[in-house]
1. For the structure I just gave you, tell me whether Ala197 is crowded, with 18+ Cβ neighbours inside 10 Å and out of contact with any Phe, Trp or Tyr (no Cβ under 9 Å at 6 or more places or on another chain).
2. So, in the stretch 238-264, exactly how many residues are in a strand (DSSP E or B), within 23 Å of Val323 (Cβ to Cβ) and either of a type in the set (Val, Ile, Thr) or in contact with a Phe, Trp or Tyr (Cβ under 6 Å, 6 or more places away or on another chain) (or both)?
3. Going residue by residue through the stretch 273-284, is there one that turns out to be modelled with pLDDT of 90 or more and either in contact with a Phe, Trp or Tyr (Cβ under 6 Å, 6 or more places away or on another chain) or surrounded by 19 or more Cβ atoms within 10 Å (Cβ to Cβ) (or both)?
4. Of the conditions (1) in contact with a Ser or Thr (Cβ under 6 Å, 6 or more places away or on another chain); (2) in a helix (DSSP H, G or I); (3) hydrophobic (A, V, I, L, M, F, W, C); (4) modelled with pLDDT of 85 or more, Val190 clears all except one; give me its number.
5. Would you pick out the residues in the stretch 387-412 that are modelled with pLDDT of 75 or more and closer than 24 Å to Ala213 by Cβ?
6. Examine the stretch 139-150 for a residue that is on the phi < 0 side of the Ramachandran plot, within 27 Å of the chain's Cα centre (by Cα) and either outside any loop (DSSP other than H, G, I, E, B) or buried (at least 18 other Cβ atoms within 10 Å of the Cβ) (or both), and state whether such a residue exists.
7. Name the one entry in Ala364, Ala356, Ala349 that is surrounded by fewer than 22 Cβ atoms within 10 Å (Cβ to Cβ), of a type outside the set (Phe, Trp, Tyr) and touching a helix residue (DSSP H, G or I) at 6+ places or on another chain (Cβ under 7 Å).
8. Write out, first by first residue and then by second, each pair whose Cβ atoms fall under 8 Å of each other, whose residues are 6+ apart or on separate chains, and whose first residue, in the stretch 367-387, is in the same structural domain as Gln347 (by TED's automatic domain parsing) while the second is surrounded by fewer than 20 Cβ atoms within 10 Å (Cβ to Cβ) and basic (Lys, Arg).
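The values are calculated or read from the model by the stated rules, or taken from the named source; none is laboratory data. In this text the structure is predicted, and so the values were computed from the model without any measurement. Using ideal geometry, Cβ is built from the backbone for each residue, glycine included, and neighbour counts are taken over all protein chains shown.
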Amino acid sequence: MLDGSSVVLPYCLRSGMLSGGAAPWVALAAFVVVLGAALMYSPPIRHALATLLQLVVMARRYLVRRLRGDQQLAGPVELRELFVRLGPTYIKFGQLIASSNGLFPERYVREFQKCLDRVPPEPWDVVKQTLTAALGQPPEQVFATLSTEPLASASIAQVYAVTLCEQGVTLDLVVKVQRQHLPERVAADVAMLAFCAEVLALVPGVRAMNPQAVVAQFQRNIAEELDFLGEAARMEEWNRIMTELGRPDVVAPKPLARLCRRDVLTMERLHGVRVDDLEGLGRLGITREQTETRLIDGMHAWFSAMLRYGFFHGDVHAGNLMVLRDGRLGFLDFGIIGRLDKTRRQQIASYLLAFATQDFAQLARTMAAMGAVDRKVDEAEWATFAQDLKVAFQPFLRGSLGGIDYSEVITNLLKVAQRHGAHMPSEFVLITRQLLYFDRYAKLLAPSLNLFADPRLLMTVGAEVLALGGVGVGLPDLPA
């Protein structure tokens, strides 16, 4: 499809209007015509220019804060405010930063946690248009009752409580409605983020964090999140896996397939409280010890699904993990999931087991098998790599996790990455984020618990390793 610049600009160039053969005022007029046509006929260009303008505003505010001497907040505050101004895609990316303690600098994580607050929903008239177009008739004619006040509102969608009468039975449901025109806007925003990642990768201190891989993973995740039919299928798959594992205590909402579309998802409503809501848990009569047990059980199920089926929930922040009134553990929002083939599952199982048992030579071998580190030429280099990994990861293996300084850990890991040419595959970065989520809940519910060395989880991982054929399967024959 042609935009304004693709039509007007070639004409100006051919006619010499933008060359030395034209008077300056003619060249200026031609530029104004081209720019006006581009802005009128090309929404992506308008969006890109608006984004660049906001970047200029951010740079100005950043310099003002630096000149005032506020070194710590200079950067995080301006970047968060920029993301809020730029809208849903950037707010979603900010939520990724906020939920990745240890993967991003701590001051950025703290500041971006403000993006986890409730996002203003679209007006009900707009939501009703989406529902009517998707379901073929106004929502009042589809549902028995419908609340126009959302239960939750996020950067991608908002959720409303509804009921439906079928064969004399009233179904308690929720309907998740995507924001209008979101796919087009997301595509333009992700292109801009990818460009920024390429620029950041030129900075030596940032290169080891692999910003291109972070944005690429984000792009895959948000593409999945925009497909509500895919999300419905993933919820059904999770429930099937839990049934096969004999885990009726771990569930996802059941989707109502006939009322699901690419931008509308109708599903069972689960009643309970967030796993980190200590007051809410108390009101349900659930103690911390009981919640800790449920959390460990949920992690068992999560690990088993990942290692046995190559399928795992990829966004287990507190809003997506609920202790239900009937005692079950509910996993919500299957917009982001991970899938692993058998070889990668073997490698990740080996990595987790080597990490928990402090076998850093095995950890080095596994990273090589994953293609996550430069080749070593002799045993001395392998031994040095293993020792550097031990120093970097040691804080996770010293008793309680309560006192860990994640900024120090991430700094040490970046040094190791730079020294040995190491990086983590994108799916492993996604897994690491979930482990950090689980760690955060564990510190809240049981500060003395160390998930990374908990024998209950080690037994789960060990059993799945045996089922996969043993730790060494899929690893190269490298010096230990």
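1. For Ala197, the condition - crowded, with 18+ Cβ neighbours inside 10 Å and out of contact with any Phe, Trp or Tyr (no Cβ under 9 Å at 6 or more places or on another chain) - is met.
2. So the first thing to find is which residues in the stretch 238-264 are in a strand (DSSP E or B), and the list is 250-251, 255, 264.
Retained after the next criterion (residues that are within 23 Å of Val323 (Cβ to Cβ)): 250-251, 255.
If we keep only those that are either of a type in the set (Val, Ile, Thr) or in contact with a Phe, Trp or Tyr (Cβ under 6 Å, 6 or more places away or on another chain) (or both) as well, we get 250-251.
Within the stretch 238-264, residues that are in a strand (DSSP E or B), within 23 Å of Val323 (Cβ to Cβ) and either of a type in the set (Val, Ile, Thr) or in contact with a Phe, Trp or Tyr (Cβ under 6 Å, 6 or more places away or on another chain) (or both) number 2.
3. yes
4. Just one mismatch for Val190, condition (1).
5. Correct list: Asp388, Leu389, Ala392, Phe393.
6. Here is the first cut: in the stretch 139-150, the residues on the phi < 0 side of the Ramachandran plot are 139-150.
From what's left, within 27 Å of the chain's Cα centre (by Cα): 149-150.
Narrowing the set further to residues that are either outside any loop (DSSP other than H, G, I, E, B) or buried (at least 18 other Cβ atoms within 10 Å of the Cβ) (or both) leaves 150.
Yes: one or more hits.
7. After applying the criteria, what remains is Ala356.
8. Ala368/Arg375; Ala368/Lys376; Met370/Arg344; Trp382/Lys376; Phe385/Lys376
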